[in-house]
Amino acid sequence: MITQAIFYFFAVVLIFAATMVITARNPVHAAMYLVLAFFNSAALWIMAGAEFLGIVLVLVYVGAVMVLFLFVVMMLDINLEKLREGFIRHLYIGVPIAAVMVVQMLLVVGSGIMDPATLPSGDLPIPEDAANTALLGSVLYTVYVYPFELAAVILLVAIIAAIMLTLRRREGTKHQDPGRQVKVRKEDRVRTVDLPRNQQSGSR
Amino acid sequence: MAELIELVWILTKIGVILGPLILSVAYLTYAERKIIGWIQNRNGPNRVGPLGLLQPFADVFKLMFKEVVLPANANRFLFLIAPLLSLMPALAAWAVIPFGAGLVLTDINAGLLYVLAMTSLGVYGVILAGWAANSKYSMLGAMRSAAQIVSYEIAMGFALVGVLMAAGTMNMSGIVQSQAGPIWNWFWLPLLPLFVVYWISGVAETNRAPFDVAEGESEIVAGFHVEYSGVAFAVFFLAEYANMILISGLAVILFMGGWYSPFHGLPVLGPVFDLVPGLVWFVIKVAGFLYLYLWFRATFPRYRYDQIMRLGWKVLIPVTVVWLVVLALMILAGFGPWFD
């Protein structure tokens with residue numbers, strides 16, 4: 001009973017947050033609602049026994065991706081009025097796209113692949129002592145090791161590409177070379193000068 | 001009905017953890033002022049109560065009765081919720097910390113991952129506070145802090161991967177149990193570079209000196225919480241110190257053998273020192289790490305911002321990557337008393 005109540009609580013908050021993501025006026029509010037949505041879906045996954053996926057969702061999406069998102073959104077100088085006036089204008093292209101997506105989803109869900117009765121049953125609900133993380137790890141590194149490594153290499157390529165795209169030699173930057181800073185000795189910077197004592201004091 | 005009793009029992013346990021934790025925060029601020037005072041040849045607080053022992057409470061009451069000033073152009077909701085967002089993860093992470101053998105609120109298998117997820121959430125309070133206050137200094141502090149936390153999280157995560165490889169489990173109690181033995185059996189020795197990286201990143205993650213550019217008083221007044229006053233400021237303070245205790249507690253669990261005494265498993269000394277409960281050993285070790293925090297603050301000058309970034313990306317992360325390879329070889333070779 002309590003489990004169901006908790007489930008519906010998370011589900012309702014999730015749907016509310018997801019709606020607010022697209023309706024909130026302020027982009028920072030929208031980003032925060034997205035964080036809330038991620039959080040609630042993570043909670044739902046954990047309730048379904050997928051503790052690893054749930055925690056990784058929080059760690060990666062909430063802890064890293066959304067922080068950078070928020071970073072960018074905060075730096076933008078967005079005119080809220082301008083954002084709102086495009087709503088009707090873009091409606092005629094938005095509605096068909098939404099309709100296509102709904103039809104596609106209906107095709108997938110309606111075709112019976114998602115029917116619980118036809119799913120391979122496995123052990124549902126998952127037994128209490130099943131170590132989700134350990135099981136996932138042992139499958140990833142044995143059965144799916146090549147796809148897994150491939151995905152890792154693709155990510156690495158993406159990182160290098162992103163860095164190369166933004167790495168430009170700009171003129172006139174005040175770039176510091178830490179190696180040279182460390183090598184500096186007193187003799188290079190400091191000059192001791194013997195000042196002759198001023199005879200007529202106060203003449204300055 | 002049984003579920004209700006279970007719920008009340010869980011809430012009681014949460015209270016038993018949080019009560020002493022908040023009290024420790026209060027006395028950590030006292031210890032900080034006293035220790036830094038002694039290091040600088042001063043007395044520290046000594047007026048309120050005997051030896052100044054009631055000073056933390058005086059501070060708390062002062063902050064509670066002060067007005068929470070809302071800046072005119074602040075985003076009201078986010079401004080008020082930001083302190084709570086920084087406190088919540090600092091407290092939530094304690095759910096999986098084992099204080100002694102079996103003394104843990106929830107003994108989940110993915111404990112280490114959970115802690116990492118929770119500590120990565122603390123940055124929200126900082127950025128939102130900086131943004132919502134609508135002040136330049138706040139914004140600058142928030143940006144610095146967010147970039148710093150995100151960068152050092154990578155080094156910290158890699159260091160934790162090393163612990164995970166050495167222990168073979170992400171369960172916090174399991175990590176401590178795999179270090180059972182005297183002091184040289186604990187992970188600090190085989191994982192020494194990772195331990196150092198973890199501790200440096202831990203200090204940087206909590207925005208403490210020498211990495212406290214987020215609130216660098218000399219440049220940006222007080223950084224992200226410059227507009228906060230009264231209770232809202234107190235909550236930020238509470239979160240910062242709770243995070244310090246958490247990072248110290250994690251250091252003890254992951255590298256310093258958790259609740260084991262330094263002589264555990266030795267012929268004569270072992271049983272004698274095991275008479276002291278594990279909780280006491282845990283607290284002593286955590287206090288040692290907290291002292292390091294205060295010592296750093298009293299002795300190190302603040303890093304320059306670009307030097308912080310350079311240290312994180314170009315020094316700490318490569319060190320962890322290299323040591324992960326070395327560690328993998330050590331595990332394969334069954335090296336020393338740790339990986340047999």
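The values are calculated or read from the model by the stated rules, or taken from the named source; none is laboratory data. Bear in mind that the values here come from a model prediction, so they are computed numbers and not experimental data. Cβ: placed from backbone, ideal geometry, glycine included. Neighbour counts: every protein chain shown. Please note that ligands, DNA and RNA were not included when accessible areas were found on the heavy atoms of the full protein model with its side chains. Shrake-Rupley method; radii C 1.70, N 1.55, O 1.52, S 1.80 Å.
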For the pair A and B, total buried accessible area rounded to nearest 100 Å², probe 1.4 Å = 2400
Size of charge dipole - region B:187-321 - debye, nearest 20, with Cβ of Lys, Arg +1 and Asp, Glu -1, no other charges = 380
Rank B:MET118, A:VAL73, A:VAL190 by how far each Cα sits towards the positive end of the charge dipole of the protein assembly as shown (+1 on Lys, Arg Cβ; -1 on Asp, Glu Cβ) and give me just the farthest.
-> A:VAL190
Classify the protein assembly as shown as rounded, prolate or oblate from the Cα gyration tensor: take a ≥ b ≥ c as the square roots of its eigenvalues, call it rounded if a/c is under 1.5, otherwise prolate when a/b beats b/c and oblate if not.
-> rounded
How big is the Kirkwood radius of region A:9-82, worked out from every pair of different alpha carbons and given in Å to one decimal?
-> 12.9
At R0 = 56 Å, FRET efficiency that the Cβ-Cβ distance of A:LEU107 and B:THR12 yields, to 0.05 = 0.65
Of B:MET309, B:GLY334, B:TRP259, which is farthest on the positive side of the dipole of region B:259-340, counting Cα position, with +1 on Lys and Arg Cβ, -1 on Asp and Glu Cβ, and the Cα centre as origin?
-> B:MET309
What's the angle, to the nearest 10 degrees (0 to 90), between helix B:230-255's Cα axis and the longest principal axis of chain B?
-> 10
For the protein assembly as shown, what is the calculated [θ] at 222 nm in deg cm²/dmol (nearest 500), taking -39500 (n - 2.57) for each run of four or more DSSP H residues and dividing by its residue count?
-> -21000 deg cm²/dmol
From the Cα gyration tensor of region B:1-117, with a ≥ b ≥ c the square roots of its eigenvalues, which class applies: rounded if a/c is under 1.5, or else prolate if a/b is larger than b/c, or else oblate?
-> oblate
Mind checking which lysines have their Cα closer than 26 Å to the Cα of B:LYS66? Skip sequence neighbours fewer than 8 apart in that chain.
-> B:LYS34, B:LYS136
Rounded to the nearest 10 degrees, the helix B:192-205 long axis (Cα) sits at an angle to the longest Cα principal axis of chain B of 20
For the protein assembly as shown, what is the accessible area per residue in Å², given a 1.4 Å probe and the full set of protein chains?
-> 59
GNM top mover of B:ASN171, B:ASN207, B:ASN41 - chain B, alpha-carbon springs below 10 Å = B:ASN41
The helix B:317-333 Cα axis meets the longest alpha-carbon principal axis of chain B at an angle in degrees, between 0 and 90 and rounded to 10, of 20
Compute the whole-percent fraction of alpha carbon pairs in region B:218-266 spaced more than 12 Å apart.
-> 73
Straight-line reach check, A:LYS183, cutoff 24 Å on alpha carbons, 8 or more apart in-chain or any other chain, hits among lysines -> A:LYS174, B:LYS314
Of the accessible area of the protein assembly as shown, with the probe set at 1.4 angstrom, what percent is carbon plus sulfur?
-> 70
Checking rank on A:101-107, B:307-313, B:80-86, with mean other Cβ inside 10 Å and highest first, the result is B:80-86, B:307-313, A:101-107
Sort the following peptides by mean Cβ neighbour count (other Cβ atoms within 10 Å, averaged over residues), highest first: A:53-64, B:60-71, A:184-195, B:111-122.
-> B:111-122, A:53-64, B:60-71, A:184-195
In terms of the alpha carbon gyration tensor, root eigenvalues a ≥ b ≥ c, rounded if a/c is under 1.5 and otherwise prolate when a/b exceeds b/c or oblate, chain B is prolate
Please give the peptides A:146-159, A:5-18 ranked by average Cβ packing (other Cβ atoms within 10 Å per residue), highest first, as a rough proxy for protection.
-> A:5-18, A:146-159
Where nothing but the Cβ of Lys and Arg (+1) and of Asp and Glu (-1) is charged, how large is the charge dipole of chain B around its Cα centre, in debye to the nearest 20?
-> 780
With +1 at each Lys and Arg Cβ and -1 at each Asp and Glu Cβ, the charge dipole magnitude of the protein assembly as shown around its Cα centre, to the nearest 20 debye, comes out at 2560
Straight distance only, please: which lysines reach the Cα of B:LYS13 with their own Cα at less than 26 Å, same-chain residues fewer than 8 apart left out?
-> B:LYS285
